[in-house]
1. Being β-branched (V, I, T) and without any contact (Cβ under 8 Å) to a residue 60 or more places away in the chain is the filter here, so list the residues in the range 428-446 that pass it.
2. Given (1) over 28 Å from A440 (Cβ atoms); (2) at pLDDT below 95, identify the lone condition not met by T411.
3. For G80, state whether it is open to solvent by less than 50 Å² (accessible area, probe 1.4 Å), modelled with pLDDT of 95 or more and at positive phi.
4. From L380, L352, L327, L366, which residue is modelled with pLDDT under 95 and open to solvent by less than 10 Å² (accessible area, probe 1.4 Å)?
5. List every residue pair whose Cβ atoms sit under 7 Å apart, with the two residues 6 or more apart in sequence or on different chains, where the first one lies in the range 177-203 and is farther than 19 Å from A13 by Cβ and the second, anywhere, is at pLDDT 90 or above and surrounded by fewer than 21 Cβ atoms within 10 Å (Cβ to Cβ).
6. V383 is checked against (1) more than 26 Å from the chain's Cα centre (by Cα); (2) without any contact (Cβ under 8 Å) to a residue 40 or more places away in the chain and fails just one. What number does that condition carry?
7. Of the conditions (1) closer than 23 Å to T539 by Cα; (2) among the β-branched types (V, I, T); (3) in contact (Cβ under 8 Å) with a residue 40 or more places away in the chain, T516 clears all except one; give me its number.
8. So in the range 484-512, with the set limited to residues that are within 20 Å of K538 (Cβ to Cβ) and open to solvent by 20 Å² or more (accessible area, probe 1.4 Å), which one is nearest to the chain's Cα centre (by Cα)?
Amino acid sequence: MCGIVGFTGHVQAAPILLDGLSKLEYRGYDSAGIAVRDGDKDPVVVKAKGRLAILSEKTDGGHAVAGTCGIGHTRWATHGEPSELNAHPHCSEDNFVVGVHNGIIENYQELKDKLVKKGYVFYSQTDTEVAVKLIDYYYHKYNVGPIDALAKTMVRVRGSYALEVMFKDYPGEIYVARKDSPMIIGVVPGEKEDEGETYVASDVPAILKYTRDVYYIGNLEMARLRKGEVTFFNLDGETVDKPVTRIEWDAEAAEKGGFEHFMMKEIHEQPKAVADTLASVVKENGVDLSETGLTTELMRSIRQIHIVACGSAYHVGAVGQYVIEDLARVPVRVELASEFRYRNLLLDPDDLVVVISQSGETADSLAALREAKGRGVRTLAIVNVVGSSIAREADHIFYTLAGPEIAVATTKAYSAQLIAVYALAMGFAQARETITADRAAALAEELKALPDKIERILSEQERIQWFAAKFSNARDVFFIGRGIDYAVSLEGSLKMKEISYIHSEAYAAGELKHGTISLIEDGTLVIGVLTQKDLFEKTLSNMVEVKSRGGYLMALTTYGNYSIEDTAEFTVYVPKTDPCFAASLAVIPLQLMGYYLSVARGLDVDKPRNLAKSVTVE
């Protein structure tokens, strides 16, 4: 959530800051601001409530703000309402320290009370202003440098943060500190001593235009940024060496490529995301998980698997529970990360905790990972971002190869995560010999066929567009299914509500009679998912019950089940595959349904209200 950028170099900073912030709009925000220094002059701070375009207009695209060193921020309101006053950057007295911050300072009120007693006056409701003035307090009280002032602040602050600050005494320099919230740094050395450039941001797209070589600052670490130079420090003020990570995808991958919205572009990128992720693990006769570090001996020793995730990643886990238990015969629990860490967990040293996160920075998922590790339980991360916090801290890593995902509503990252849990299920099944070699080879072939089958579904999207336009004024929509179809329904419902703002719920079809069916009125749209052959008739009977009470039925099933048209008013067909992998095909029409409903209602598909791409606070 939120986005931060920073630049110091030999060219005008403000246009670069605005460009970087524009690449982070997908993260969700309600206000934006920049602070730029021109030599040893005081910083010029410009802030605006609302979209980044307003800030850009106020500064003539940044060209009206002189200076070659600056920081910028898009804010998601946590402490204090969205307003220009509460927007970042925030400053201490006389603009001595100016800073921006991602995250939440949990003990901000305690720190604020202390600073008030020391004579500090506060103009905003934010926890960030408290952090900036605490840095200023330690800097002056102990007569120390920026790194020591930051370190003393970090020791006192509880919560999460990615901090960027500039000090009046250090023109041309930016100081940063990190705990839990993401931050990357890019350095472009100059041909001459004073011509280098250094960038900092909360995510790769903001700086990818300028460099693909980045540093990942570690947890509870700080850094000093100068032109073409970065130095890292630990809490003791000692320098720390960092390796450079090269980002393999380029800037074009983060552009729309001719599509009206990032979401539609990413829906169409799913065949490639699935194919690339498959190629990393699927072999001719099964799967090979050796790059994750999961050995045959280890997989045979696992007693139970706990899949921990949030949002769409949790729905991937719901699919994974069915598939892993079916193929590998290993007990699986699927846990919401936000609940996992607060329960009195019954974990065994022979368990495996699997944490799924697109960004690798999801706050609750990261906390769950640390809780599991603290209890001595082995962990596996399924993540899409190389070098992310969850990837660095997990015992084993499975990287999905979806590339950058910009739209808030996930599509291709979800599909790549499904491949990861399929591979995990097959790997365990092969290791524990719960499937034959012939079965493993057949499943591998089914997996390899998925990208082409997804392409086939996408080629027929116009029918879904027509149907979505018909129901663009719907008030309530219900999804029903059984088994894997229920797990897919959860994701379809989420896609609809998060971008079209239509109230939608997903229910296990067998639960309809236990209260839910009372919500069905004449014309209520009910979407039944029926891809599981053994459960087809059961779900169909539930759809008949809905229809008899006035519901309008849409069916999503596999080719060949044409008798469904006797019951449903509208039917979408997907190609056949092994029932274990049906979620990869069934989810595509539901993604399209959510997208076209949003478009028909005139909404901002890529940046839905109140939502953020990467949830880095609790």
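The values are calculated or read from the model by the stated rules, or taken from the named source; none is laboratory data. Predicted model, so just to flag it, every value in this text is computed and none were measured. Here the Cβ positions follow ideal geometry from the backbone for every residue, glycine too, while neighbour counts run over all protein chains shown. Remember, those area values only see protein heavy atoms, side chains included, never the ligands or the DNA or RNA. Shrake-Rupley method; radii C 1.70, N 1.55, O 1.52, S 1.80 Å.
1. Once the filter is applied, which keeps residues that are β-branched (V, I, T) and without any contact (Cβ under 8 Å) to a residue 60 or more places away in the chain, the range 428-446 yields only T436.
2. Here T411 meets the rest and fails (2).
3. On the way: open to solvent by less than 50 Å² (accessible area, probe 1.4 Å): yes; modelled with pLDDT of 95 or more: no; at positive phi: yes.
Answer is no for this residue.
4. Working: L380 fails: modelled with pLDDT under 95; L352 fails: modelled with pLDDT under 95; L327 fails: modelled with pLDDT under 95.
Testing whether each residue is modelled with pLDDT under 95 and open to solvent by less than 10 Å² (accessible area, probe 1.4 Å) leaves just L366.
5. Close Cβ pairs satisfying both conditions: A177/M154; R178/E221; K179/M154; K179/L220.
6. (1)
7. With (1) closer than 23 Å to T539 by Cα; (2) among the β-branched types (V, I, T); (3) in contact (Cβ under 8 Å) with a residue 40 or more places away in the chain applied to T516, the lone miss is (3).
8. Looking at the filtered set, the residue picked out is L490.
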